[in-house]
Amino acid sequence: MHVPYTDLIPAPRSVAPQQDGVGPDFVLGPHTTLDVGPGTDGTARWLRGTLTPATGAPLPPRGSDGRSEARDGGGGELVLRTDEAVAARFGPEGYVLRAGNGSLRITGGAPAGVFLGAQTLRQLLGPAAYRRARTAPGEATWRVPPVIVEDGPRFPWRGYMLDVARHFTPKDGVLRTLDLLAAHKLNVLHLHLTDDQGWRIEIRSRPRLTEVGGTRARSRVGHRGSPLWDERAHGGWYSQEDLREIVAYAADRHITVVPEIDIPGHSQAAIAAYPELGNTDVVDTSALEVWTDWGVSPNVLAPGDHVLRFYEGVLEEVLEIFPSRFIHLGGDECPKDQWRASAFARARMRELGIPDGSPPGPGVTAGEAAAEALQAWFFRHFDRWLTERGRRLIGWDEILQGGLAEGAAVSSWRGMAGGVAAARAGHDVVMCPEQELYLDHRQDGGAGEPVPLGYVRTLRDVHAYEPVPPELAGTAHERHVLGAQANMWTECAENQQRVDYQTFPRLAAFAEVVWSPPLARGNFADFERRMADAHYARLEAMGVAFRPPGGPHPWQRRPGIAGRPRTGPRAGPADTSA
């Protein structure tokens with residue numbers, strides 16, 4: 001007989017049926033009461049807001065009807081508690097779920113663990129528990145057999161990056177994304193808020209950032225080699241109240257929102273709004289507009305104190321909105337040609353004592369090394385600035401060039417090497433290598449794949465990914481691997497349906513990679529079975545337009561829209577955007 005606890009995703013550390021004689025199943029029904037312990041009120045609110053509409057079970061407080069014994073129509077208790085003993089075994093996000101004798105108890109290492117245990121309960125109740133209203137006629141039975149689940153995450157950083165700068169995701173779409181992350185026990189949403197093609201966060205002291213930088217005149221359709229254009233203006237941004245709502249909604253689901261404000265490259269939208277931010281002695285920045293193409297703009301921030309002051313003002317408002325410990329400042333793909341041509345930038349190099357650059361490495365000229373040292377100056381400044389305010393800087397692995405700032409952490413996207421180097425130097429690392437975890441890359445090599453970008457990375461490939469590089473495994477440096485992150489860039493994903501298609505089902509495989517220890521994760525065949533038996537149905541119930549296992553639906557294809565397939569080793573660090 002099929003039992004629901006064999007279908008859990010991500011796979012728990014341990015799941016087993018209770019011994020014979022434990023008593024009846026737990027049945028969620030109209031008479032089930034909710035016993036809420038200290039610190040678990042948030043999970044209680046989530047259960048009533050989510051499970052009650054789907055199941056019809058009102059979950060009144062314990063004792064509200066004077067009874068709590070099990071009944072055929074659904075009774076007994078659903079009990080929520082925290083316990084330091086669970087935290088000692090599985091960490092604050094760990095939990096033990098125990099069903100039997102007509103009741104179900106979730107004990108978390110902390111409130112986050114209780115909430116994550118509630119995600120497992122939802123899976124145990126079946127795919128219909130993921131709908132927003134009751135769909136079963138009459139009195140449906142919501143039953144959990146006697147079972148014990150003991151669980152906790154492998155990594156503290158289980159992230160998903162959503163690029164809202166290239167194609168804007170409205171606020172409701174971000175809230176929906178948070179629900180999907182919670183359902184997969186992911187706990188970081190990295191919001192890529194600024195880029196050459198758009199500025200998406202309201203900065204009240206600098207209103208032109210959204211008034212000008214929040215809209216581009218048109219957008220290329222497909223990869224940047226495509227001849228097709230969408231001639232409609234594209235725009236949108238989040239008010240500070242929108243972002244506070246997003247942050248609060250995430251916190252209720254024990255998810256941290258990490259904002260990204262890109263410097264010193266990927267900044268043309270900001271320069272279009274405030275031309276003085278650019279290299280005015282090299283280019284007429286007053287003529288620049290928000291960039292309409294994909295790829296990497298040559299227009300970057302000038303290395304001036306006025307630019308530092310400007311972005312300090314931006315970050316002061318960012319810190320008021322986002323309580324996250326880490327603030328992401330980009331640092332990737334910054335062309336330095338304008339700096340090398342700029343008399344102002346060269347004067348700044350001399351002032352900083354780097355007129356000839358740091359000692360060049362193999363294949364690096366003195367001029368290139370000097371420009372890299374200038375970028376490192378940007379990051380050392382903001383590393384100190386953020387540290388003074390109790391925050392930490394994180395950036396893409398190019399921030400290693402020219403010397404990594406003392407307190408900075410690294411998002412390792414150009415393979416694993418940057419992460420290995422940073423960890424060996426004592427810096428924390430989030431692994432997000434392009435070739436393995438970029439979800440905008442194609443899922444299959446077939447001709448029907450929409451806008452085929454990058455490498456083929458199948459569901460099996462993602463499930464097989466190992467975040468700890470072999471060079472770090474078993475060493476003292478392994479502790480610096482905070483976890484991993486799947487990145488969804490949106491140049492060629494212009495709406496929710498396209499983002500869904502690229503993200504799912506691969507995000508389910510990624511969730512298992514960062515949550516489940518390798519032994520619990522098991523083999524791909526078992527993961528594939530769990531997807532087929534239950535998880536595709538869960539995604540359907542949540543309205544996710546995922547890629548079917550047999551290939552895209554006809555309406556998911558985009559014939560005639562150019563992509564850029566890639567094969568073999570990485571072609572180079574600078575040619576990565578769509």
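For this structure, a couple of remarks:
- Candidate set from segment 286-328 (those that are of a type in the set (S, T, N, Q) and buried (at least 19 other Cβ atoms within 10 Å of the Cβ)); member that is farthest from residue 187 (Cα to Cα): 299
- Looking only at residues of segment 99-115 that are crowded, with 21+ Cβ neighbours inside 10 Å and farther than 21 Å from residue 255 by Cβ, we find that the one that is farthest from the chain's Cα centre (by Cα) is 102.
- Of all positions in segment 223-242, none carries a residue that is assigned to a helix (DSSP H, G or I), among the aliphatic types (A, V, I, L, M) and at pLDDT 95 or above.
- All told, residue 504 falls short of being among the aromatic types (Phe, Trp, Tyr), in contact with a helix residue (DSSP H, G or I) (Cβ under 7 Å, 6 or more places away or on another chain) and farther than 25 Å from residue 197 by Cβ.
- Every residue from segment 455-511 that is hydroxyl-bearing (Ser, Thr, Tyr) and either farther than 26 Å from residue 428 by Cβ or more than 13 Å from the chain's Cα centre (by Cα) (or both): 455, 458, 465, 475, 490, 501
- Any chance residue 253 is farther than 20 Å from residue 489 by Cα and touching a residue at least 12 places away in the same chain (Cβ under 8 Å): yes
- Filter result for residue 213 (closer than 25 Å to residue 563 by Cα and modelled with pLDDT of 95 or more): no
- Exactly one residue out of 260, 245 is of a type in the set (Asp, Glu), under 20 Å from residue 170 (Cβ atoms), assigned by TED's automatic domain parsing to the domain that holds residue 491 and crowded, with 21+ Cβ neighbours inside 10 Å: that is 260.
- Residues that are within 25 Å of residue 395 (Cα to Cα) and touching a Gly at 6+ places or on another chain (Cβ under 9 Å) are absent from segment 125-148.
- Any hit, segment 132-148, residues being among the hydroxyl-bearing types (Ser, Thr, Tyr) and not in a loop (DSSP other than H, G, I, E, B): no
- Residues that are among the β-branched types (Val, Ile, Thr) and part of a loop (DSSP other than H, G, I, E, B) within segment 283-305 comprise 283, 290, 292, 296, 300, listed in sequence order.
- Residue among 493, 509 that is in contact (Cβ under 8 Å) with a residue 24 or more places away in the chain, in contact with a helix residue (DSSP H, G or I) (Cβ under 8 Å, 6 or more places away or on another chain) and under 17 Å from residue 120 (Cα atoms): 509
- Residue satisfying all of: in segment 195-242; among the acidic types (Asp, Glu) and over 14 Å from residue 317 (Cβ atoms); surrounded by the most Cβ atoms within 10 Å (Cβ to Cβ) among these: 196
- Those residues of segment 243-282 which are assigned to a loop (DSSP other than H, G, I, E, B) and of a type in the set (A, V, I, L, M, F, W, C), in sequence order: 255, 282
The values are calculated or read from the model by the stated rules, or taken from the named source; none is laboratory data. Keep in mind that this is a model prediction, so the values were computed, not measured. Quick reminder, even Gly has a Cβ in these numbers, built from the backbone with ideal geometry, and neighbours come from all protein chains shown.
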